[in-house]
Amino acid sequence: MYKKSRKAPLKRDCIFVLILVLRIISDTIWKILVSANKKF
């Protein structure tokens with residue numbers, strides 16, 4: 001699946017890191033919302 005292409009390895013890594021960060025942020029927001037809903 002992962003081919004070692006020298007054309008755009010940096011772009012792929014940037015997209016991978018961006019998706020990872022977005023997942024972490026959304027997971028954190030979800031936990032905050034769940035904990036906020038439990039208080040009410």
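Descriptive notes on the structure:
- Which numbered condition residue 18 misses (of (1) at pLDDT 90 or above; (2) in a loop (DSSP other than H, G, I, E, B)): (2)
- When the criteria are applied in full, residue 13 meets the requirement of being modelled with pLDDT under 95, under 21 Å from the mean Cα position of the chain (by Cα), at negative phi and of a type in the set (Asp, Glu).
The values are calculated or read from the model by the stated rules, or taken from the named source; none is laboratory data. For clarity, every value in this text was computed on a predicted model and none was experimentally measured.
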